[in-house]
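Take a look at the structure below.
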Amino acid sequence: MKRISATLLFLPFVLAGAVNLFAQRPVNVASPIVNPDNTVTFNLMAPEAENVKISAQFAPKTDMVKGENGVWSVTLGPVAPDIYPYCFEVDGVAVMDPQCPDWFPNEGFKNSMVDVRGAEPMYHDLQSVPHGSVDYVNYYSDALGLYGNAIVYTPPTYYKDPSRKYPVFYLISGTTDTEEVYFKVGKMNLILDNLIAEGKAKEMIVVLPYGNPAKYYPAGTFDFTKGDVFSKDLLEDLMPYVESNYRTQNDRDSRAIGGFSRGGNQGLSVGLRNLDKFSYLCSYSSFTSMDIPEVYDNPRKTNRKINLFWLGVGTDDFLYGNAKEYMEFLDRKGIENIQFFTSDKMGHTWMNARYFLAQTFPLLFDAKASAKAMQAAAAGKPEVSGSTRQEPPAPKPDRQRLTPEVMARLFPPGVVSPDYAADGSVTFRVLAPEAEKVELECQMFEGVRAMEKGERGVWSVTVKPDQPDIYPYAFIIDGTKIADPQNMHIFPNEGFKYSLADVKGTQPDWQDLQDVPHGKVSYTYYSSKAVGFDRPVCIYTPPGYDPAGEEKYPVLYLIHGMTDTYETWFKVGKVNNILDNLIASGLARKMIVVMPYANPYPEMIRRGQAEMYNPLDTKLTTEEFVGSVVPFVEANYKVLTDADSRAIAGFSLGGRQTLACGLGNPDKFHYVCAFAPAIFGPEISGNFSNGTYADADVINENLKLLWLSCGTSDFLYQSSQELDRNLSQRGIDYVTIYPGGGHTWMNCRDYITEVFKLLFK
């Protein structure tokens, strides 16, 4: 096991002590708060700031007012129900909301998201309907010479009918977006779940590629002379992967392609040049090349090949001029198409992208519906949002075209951060020309490091960690802490917002993506009996998992720490990579890993079922896991259902919940592993005396492994030792591991790596 120096102090990436760990989040710092009248209150703790503004998509930039304890606040609206990006500007520095767990996945800007709900569920809301699954997959790309990322949605019946094949929609996000955006912001999975449940859309597979191949490579190394690498990767690598690993219908009438903004351009370009492969084309707020003579100069042949050619744009979109020009070009050429315009979605926004998606899903892979829509368009009935039937206005030449000036404003000269050197050092950079002082806080070292101001107001510092690993970090600009604007990798958390620096060694580590068979992580939803609404969960299935096969697998239930989310074990803990590598090395059994969202309180508070978060409530989480999560997994996955095939483990607060659930139900979990568990003093013995934990003899009789680990610099080390002594006094059999290091995910990855080797053997 890798050891971390015991001199590395616990930095404020996690809570600084037991008191803070269980402190209730102050009401006046909760943010955002959607009020009953659909106004939204934003709060930010920034006692040293001189000026704070809120920049929200639904309102002009607005000054916030400083109140008690340095909390700045403002209430905006009311606003129409939808999902809106926003950020704070603290003394001129853009800052994500540190109290909001939902952020906009992006290569550059960092915005938080506020979900304003209506009196009735919207088309993109999570509803109590059958849900599909959203898979995060890695595929090898010959075009790229490395592993690429993609997301694949499978519809609700996919795992229930192993003989059925499905059509496929390739859906591409915009410039600087990641492959996650159509899932996390566009809500394409929920939109499609809801439409399928209403009988308004066909069941289909949806593939979300990553649209920017250059970002896979170290800064400045991508060879742009190779031409259209994205199209080559999509057609020659991703499509074959999807068609080999999913049950797909592989004819042109069963393939669609489209996207938003740059993704719409990419989708149309690929689709129009490959009409032997795609017959459904969708463009959302985009345009494409007018230089495809084999398509545009033979309209009769082209029209016969295209089942649906759907083009949508907002009349207040900055690309409206370009999009309208392309529509007019198609009309002149005699290329049949549908033109759809909105005037109430605030321009070039994901409000429009979601809405367009909801309009096109019902037309895909439905020959009658798409033909009817195309005929209506040919009859001269342009569709406009609402009930009006009128031609959209003429574009504003000065503001609604993509010009070099607009490009320069939207995409200023890039800053590379983090920048990894061959010697293991990392250079961090941030553009802050007006700042007086910029510092780097990083788990590589104690305290902070001063950064130096260079050309264009770019501040930088170079550091070298003692060893390769994944390190959280943030910039402190004139006292304001921010995530790295240039780093798309964010630490998933309900509170703090840190970026992640992944420093590679000369040899791959267990957590690295390696050239081995890969499992996949899937996002789905289950119905919670404990709280009465559907909740998210991440589930890892190992390489070779076949939902229609005979093989069944043991299951590990993993619980995250306080303020972490169900994504943290996957995106920070890297449990999928670790387990892939251990399985390939013969050091771990194939297993399913279930990562639930252990904190139902945010949604309970929103629904009026609770007033504040109670982290001490292990009763609720135990009811949730035992009563809802385990039955859902065992009803929907190929799993072994005996206690010898169930394990439960958790970190920090998740370690506390693990002990409550595992030691309270030793007849259900025969492997119980607590990593730096947040349990203190008399509470330990009390859990035995009050019946939360089973009797010592029952525990010893049932458990095959009771594991306790904690870093010697961890603020929970003393309480872990007390738990250690208490278990010894009761004669309970267990394993303890006390490495160096603090309350970090560096340590947690080491713990889970060692535990994987012991489970189910």
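The values are calculated or read from the model by the stated rules, or taken from the named source; none is laboratory data. On a predicted model such as this, the values are computed, not experimentally measured, just so you know. Glycine also receives a Cβ, built like all others from the backbone with ideal geometry; neighbour counts cover every protein chain displayed.
Assorted remarks:
- The set of residues from segment 715-750 being part of a helix (DSSP H, G or I), touching a Phe, Trp or Tyr at 6+ places or on another chain (Cβ under 7 Å) and farther than 20 Å from Phe680 by Cβ is empty.
Per-residue answers, yes or no, for (1) among the aromatic types (Phe, Trp, Tyr); (2) exposed (fewer than 14 other Cβ atoms within 10 Å of the Cβ):
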{"site": "Arg399", "(1), (2)": "no, yes"}
{"site": "Glu405", "(1), (2)": "no, yes"}
{"site": "Phe411", "(1), (2)": "yes, yes"}
{"site": "Ser417", "(1), (2)": "no, no"}
{"site": "Ala422", "(1), (2)": "no, yes"}
{"site": "Thr427", "(1), (2)": "no, no"}
{"site": "Leu431", "(1), (2)": "no, no"}
{"site": "Phe445", "(1), (2)": "yes, no"}
{"site": "Ala450", "(1), (2)": "no, yes"}
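- Those residues of segment 498-514 which are touching a strand residue (DSSP E or B) at 6+ places or on another chain (Cβ under 8 Å), more than 27 Å from Ile559 (Cβ to Cβ) and assigned to a loop (DSSP other than H, G, I, E, B), in sequence order: Lys504
- Within segment 276-298, being in a loop (DSSP other than H, G, I, E, B) and closer than 21 Å to Ala323 by Cα holds for Ser279, Ser285, Ser286, Phe287, Thr288, Ser289, Met290, Asp291, Ile292, Asp297.
- So Leu357, is it assigned to a strand (DSSP E or B), touching a residue at least 24 places away in the same chain (Cβ under 8 Å) and either under 29 Å from Glu180 (Cβ atoms) or in the same structural domain as Asp251 (by TED's automatic domain parsing) (or both): no
- Taking segment 422-448 as the range and being touching a residue at least 12 places away in the same chain (Cβ under 8 Å), over 23 Å from Gly479 (Cα atoms) and out of contact with any strand residue (DSSP E or B) (no Cβ under 7 Å at 6 or more places or on another chain) as the test, only Asp423 passes.
- Unmet criterion (only one of (1) touching a helix residue (DSSP H, G or I) at 6+ places or on another chain (Cβ under 6 Å); (2) of a type outside the set (Gly, Ala, Ser); (3) closer than 14 Å to Tyr751 by Cα) for Lys574: (1)
- Only one of the numbered conditions (1) farther than 30 Å from Glu120 by Cα; (2) under 28 Å from the mean Cα position of the chain (by Cα); (3) not β-branched (Val, Ile, Thr) is not met by Phe625, and that is (1).
- Qualifying residue in segment 377-384 (condition: at pLDDT below 80, surrounded by 13 or more Cβ atoms within 10 Å (Cβ to Cβ), within 30 Å of Phe341 (Cα to Cα) and hydrophobic (A, V, I, L, M, F, W, C)): yes
- Qualifying residue in segment 251-260 (condition: in a strand (DSSP E or B) and more than 22 Å from Arg273 (Cβ to Cβ)): no
- Taken together, Thr524, Thr480, Thr506 contain a single residue that is free of Cβ contacts under 8 Å to residues at least 60 places away in the same chain and among the β-branched types (Val, Ile, Thr), which is Thr506.
- Scanning segment 589-622 for residues that are of a type in the set (Gly, Ala, Ser) and within 21 Å of the chain's Cα centre (by Cα) gives a single hit, Ala598.
- When Glu325, Glu336 are checked against the criterion of being acidic (Asp, Glu), in a helix (DSSP H, G or I), more than 23 Å from Asn250 (Cβ to Cβ) and over 33 Å from the mean Cα position of the chain (by Cα), Glu325 stands alone in meeting it.
- Matching helices (runs of 4 or more DSSP H) fully within segment 126-244 where at least 1 residues are within 20 Å of the chain's Cα centre (by Cα) and not charged (D, E, K, R): 181-184, 188-197
- Of the criteria (1) in contact with a helix residue (DSSP H, G or I) (Cβ under 9 Å, 6 or more places away or on another chain); (2) part of a loop (DSSP other than H, G, I, E, B), which one Phe688 fails: (2)
- Residue among Thr658, Thr712 that is in a loop (DSSP other than H, G, I, E, B), within 30 Å of Met444 (Cα to Cα) and modelled with pLDDT of 95 or more: Thr712
- Selected residue [on the phi < 0 side of the Ramachandran plot, more than 35 Å from the chain's Cα centre (by Cα), charged (D, E, K, R) and surrounded by 15 or more Cβ atoms within 10 Å (Cβ to Cβ)] from Glu722, Glu754, Glu701: Glu722
- Filter pass, Ile684 being assigned by TED's automatic domain parsing to the domain that holds Thr621 and modelled with pLDDT of 95 or more: no
- Condition check for Asp82: touching a helix residue (DSSP H, G or I) at 6+ places or on another chain (Cβ under 7 Å), modelled with pLDDT of 95 or more and not assigned by TED's automatic domain parsing to the domain that holds Met204: yes
- Subset of segment 35-79 (residues that are of a type in the set (A, V, I, L, M, F, W, C), touching a residue at least 60 places away in the same chain (Cβ under 8 Å) and surrounded by fewer than 21 Cβ atoms within 10 Å (Cβ to Cβ)): Phe58
- Among the conditions (1) without any contact (Cβ under 8 Å) to a residue 12 or more places away in the chain; (2) under 21 Å from Tyr751 (Cβ atoms), the only one that Ala584 does not satisfy is (1).
- Ile578 meets each of the listed conditions (1) surrounded by 20 or more Cβ atoms within 10 Å (Cβ to Cβ); (2) touching a residue at least 60 places away in the same chain (Cβ under 8 Å); (3) touching a strand residue (DSSP E or B) at 6+ places or on another chain (Cβ under 9 Å); (4) under 30 Å from Glu550 (Cα atoms) apart from (3).
- Hey, Ser112 surrounded by 16 or more Cβ atoms within 10 Å (Cβ to Cβ), touching a Gly at 6+ places or on another chain (Cβ under 8 Å), touching a residue at least 12 places away in the same chain (Cβ under 8 Å) and outside the structural domain of Lys160 (by TED's automatic domain parsing) or not: no
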